Amino acid sequence: KQEVTQIPAALSVPEGENLVLNCSFTDSAIYNLQWFRQDPGKGLTSLLLIQSSQREQTSGRLNASLDKSSGRSTLYIAASQPGDSATYLCAVRLYGGATNKLIFGTGTLLAVQP
Amino acid sequence: NAGVTQTPKFRVLKTGQSMTLLCAQDMNHEYMYWYRQDPGMGLRLIHYSVGEGTTAKGEVPDGYNVSRLKKQNFLLGLESAAPSQTSVYFCASSFRTETQYFGPGTRLLVL
């Protein structure tokens, strides 16, 4: 059974720091991996999607990497800002079938202090 | 273009009561999903649908029923609510296997 783990559960950094969020998964047979952002009391917003054949994806100050063989992904946030404060979730989509079922991690709560 | 909307935003139920949560999307997506989010558990898939008139069980389907009578709507029903169903419920939709778009959530408290 696929399990997705995110460490740390919470992180507090001063504004301007570069930071890395970690995601690990137990079964390397994934179709893709996504990083989402969730603001308090809100739904999820997709940030980056990495296909299993890709090593990384970039969007602005965000860079996500994927190492399938080791079952790991990282989300790198450059020059963090208070507006980056949110919960960040990773999710993997498994191979098999025509469905799009995602397995989510429990998230990392990020606080960027001004 | 409202994206994915959920009704209601918040609800309090007594044990044994029933209710229906409504999810609507205006993106003409074929796939729709219901998740629940609990502290320390992440999001877990309850039921999903890959097209109008079709539904399937997810990871935690017990105690819930769903219907997809129209392509744009996906209903989640609780026939006899239990305190264990206190949670935040999220609906999502996608164009087949592409990125899922999430609604703002429904907070449900069962007393």
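The values are calculated or read from the model by the stated rules, or taken from the named source; none is laboratory data. This is a predicted model, so every value here is computed, not measured. Here the Cβ positions follow ideal geometry from the backbone for every residue, glycine too, while neighbour counts run over all protein chains shown.
In this structure, is B:LEU75 more than 14 Å from chain A (Cβ to nearest Cβ), in a strand (DSSP E or B) and crowded, with 16+ Cβ neighbours inside 10 Å? Spelling it out, B:LEU75 is indeed more than 14 Å from chain A (Cβ to nearest Cβ), in a strand (DSSP E or B) and crowded, with 16+ Cβ neighbours inside 10 Å. Tell me, which residue of the range A:27-45 that is within 20 Å of A:TYR95 (Cα to Cα) and polar (S, T, N, Q) is nearest to the other protein chains (Cβ to nearest Cβ)? The selected residue is A:GLN34. Under the condition of being assigned to a loop (DSSP other than H, G, I, E, B) and under 17 Å from B:SER94 (Cα atoms), the residues counted in the range B:6-42 number 5.
Per the listing A:SER69, A:SER80, A:SER73, A:SER65, the residue uniquely among the hydroxyl-bearing types (Ser, Thr, Tyr) and without any contact (Cβ under 8 Å) to a residue 24 or more places away in the chain is A:SER65. When every residue of the range B:80-97 is checked against the conditions, at least one turns out to be more than 28 Å from A:THR108 (Cβ to Cβ), within 14 Å of chain A (Cβ to nearest Cβ) and not aromatic (Phe, Trp, Tyr).
For the range A:61-114, the tally of residues that are under 21 Å from A:GLN2 (Cβ atoms), buried (at least 19 other Cβ atoms within 10 Å of the Cβ), within 14 Å of another protein chain (Cβ to nearest Cβ) and among the aliphatic types (A, V, I, L, M) stands at 6.
Residues in the range A:61-91 that are assigned to a loop (DSSP other than H, G, I, E, B) and among the hydrophobic types (A, V, I, L, M, F, W, C): A:ALA78, A:ALA79. Looking across the range A:42-60, the residues that are part of a loop (DSSP other than H, G, I, E, B) and either touching a Pro at 6+ places or on another chain (Cβ under 8 Å) or surrounded by 15 or more Cβ atoms within 10 Å (Cβ to Cβ) (or both) come down to A:LYS42, A:GLY43, A:SER52. For residues that are assigned to a loop (DSSP other than H, G, I, E, B) and out of contact with any Gly (no Cβ under 8 Å at 6 or more places or on another chain), scanning just the range A:1-15, find the one that is modelled with the highest pLDDT. The qualifying residue modelled with the highest pLDDT is A:GLU15. Scoring B:ASP62 on the criteria (1) more than 19 Å from B:ARG11 (Cβ to Cβ); (2) within 12 Å of chain A (Cβ to nearest Cβ) leaves a single failure, condition (2).
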